[in-house]
Amino acid sequence: MIPEPDTILPGLMQPAPLQIIDILKFAATAHGGVEVVSRLIEEPIARSSYGNELRRVERAAAALVRLGAKAGDRIASLAWNTHRHFELFYAVTGLGAVLNTLNPRLFDEQIVFIINHAEPKILLFDKTFLTLVERLAPQMKTVKTFVMLSDETVHASGKVGALCYETILAAETDGFAWPVIDENAGAFLCYTSGTTGDPKGVVYSHRGVVLHAMASGLNSAFGFTAFDVVMPCSSLFHATAWGLPFAAPING
């Protein structure tokens, strides 16, 4: 029987916690020119890159902090698969908040239940959901700020007085002092659908997301390489689209 050591010798190699924002920071450094192509609602196709996306994510995080977001807060999204929604996956989690991705295909009462259970302070949504947001806003107990994921050419503030995403990003500058976050801290809050009773929330950790991204690109899984193109047909609001917003950048 091996005796217990009197002292534990700590390992000093790679002690940094696993953080989601580091995936995009790596992609911007190692694969900065790789394209991120997005088909937008009522707007032209947007072409960006991992390098440019990191700069936009920095601005988005700064804008959210200016709106009052802080570590531990829940921030909700109601959006399709666009580069703006992709940016929230890193901006929200990078500042230490938790992104609550809402499924627009649920019944109104289920969406209201999820929002009031998760208690987000900010809701960011695509323009196609403006009518839905206006209808449900009076029942949202904690949401104080609404942001439409659009530019000024198609923006509509509506009855909720929504801010314009591109406008608030333009007011910020590149660079953001990313905090060091406990890798076991919550990053995403996703709720079940198709189950009995009320939807149930599941919290994803930074550690879990990063490890999943590393594993899912291996040969025995998706087998991604830097020469591949990935089009996530699974919705970003559904189980973070199988983790593709992280597996794709980490593999270039």
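The values are calculated or read from the model by the stated rules, or taken from the named source; none is laboratory data. Since the structure is predicted, the reported quantities are computational estimates derived from the model, not experimental observations. All Cβ positions, glycine included, derive from the backbone under ideal geometry; neighbour counts span all protein chains shown.
Scan Ser193, Ser205 and give me the residue that is under 18 Å from the mean Cα position of the chain (by Cα), more than 18 Å from Arg84 (Cβ to Cβ) and either surrounded by fewer than 20 Cβ atoms within 10 Å (Cβ to Cβ) or modelled with pLDDT of 95 or more (or both).
Numbers: Ser193 fails: under 18 Å from the mean Cα position of the chain (by Cα).
Of the residues listed, the single one that is under 18 Å from the mean Cα position of the chain (by Cα), more than 18 Å from Arg84 (Cβ to Cβ) and either surrounded by fewer than 20 Cβ atoms within 10 Å (Cβ to Cβ) or modelled with pLDDT of 95 or more (or both) is Ser205.
Determine which member of the set Ala156, Ala177 is within 19 Å of Tyr90 (Cβ to Cβ), assigned to a loop (DSSP other than H, G, I, E, B) and modelled with pLDDT of 95 or more. Spell out how you get there, then give the answer.
On the way: Ala156 fails: within 19 Å of Tyr90 (Cβ to Cβ).
Matching residue, one of Ala156, Ala177: Ala177.
Is it the case that some residue within the range 25-39 is over 17 Å from Pro245 (Cα atoms), outside any helix (DSSP H, G or I), among the hydrophobic types (A, V, I, L, M, F, W, C) and over 16 Å from the mean Cα position of the chain (by Cα)?
Within the range 25-39 (the criterion being over 17 Å from Pro245 (Cα atoms), outside any helix (DSSP H, G or I), among the hydrophobic types (A, V, I, L, M, F, W, C) and over 16 Å from the mean Cα position of the chain (by Cα)), the answer is no, since none of the residues qualifies.
Looking only at the range 41-74, filter to residues that are modelled with pLDDT under 95 and either of a type in the set (D, E, K, R) or under 17 Å from the mean Cα position of the chain (by Cα) (or both); which one of those is nearest to Tyr90 (Cα to Cα)?
Within the range 41-74, the match that is nearest to Tyr90 (Cα to Cα) is Glu43.
May I ask you to list the residues in the range 145-162 that are touching a residue at least 40 places away in the same chain (Cβ under 8 Å) and either over 22 Å from Asn81 (Cβ atoms) or more than 22 Å from the chain's Cα centre (by Cα) (or both)?
Thr145, Thr153, Val154
Within the range 186-208, take every residue that is in contact with a helix residue (DSSP H, G or I) (Cβ under 6 Å, 6 or more places away or on another chain) and either in a loop (DSSP other than H, G, I, E, B) or of a type in the set (A, V, I, L, M) (or both) and give me the one that is nearest to Gly94 (Cα to Cα).
This residue is Ala187.
Of the conditions (1) surrounded by 20 or more Cβ atoms within 10 Å (Cβ to Cβ); (2) in contact with a Ser or Thr (Cβ under 7 Å, 6 or more places away or on another chain); (3) hydrophobic (A, V, I, L, M, F, W, C), Cys164 fails just one. Which one is it?
Unmet for Cys164, out of (1) surrounded by 20 or more Cβ atoms within 10 Å (Cβ to Cβ); (2) in contact with a Ser or Thr (Cβ under 7 Å, 6 or more places away or on another chain); (3) hydrophobic (A, V, I, L, M, F, W, C): (1).
Got at least one residue in the range 167-186 being among the acidic types (Asp, Glu) and buried (at least 18 other Cβ atoms within 10 Å of the Cβ)? Let's see the steps before the verdict.
We begin by selecting, within the range 167-186, every residue among the acidic types (Asp, Glu); these are 172, 174, 182-183.
Okay, now just the ones that are also buried (at least 18 other Cβ atoms within 10 Å of the Cβ), so 172, 183.
Yes; the residues of the range 167-186 include at least one that is among the acidic types (Asp, Glu) and buried (at least 18 other Cβ atoms within 10 Å of the Cβ).
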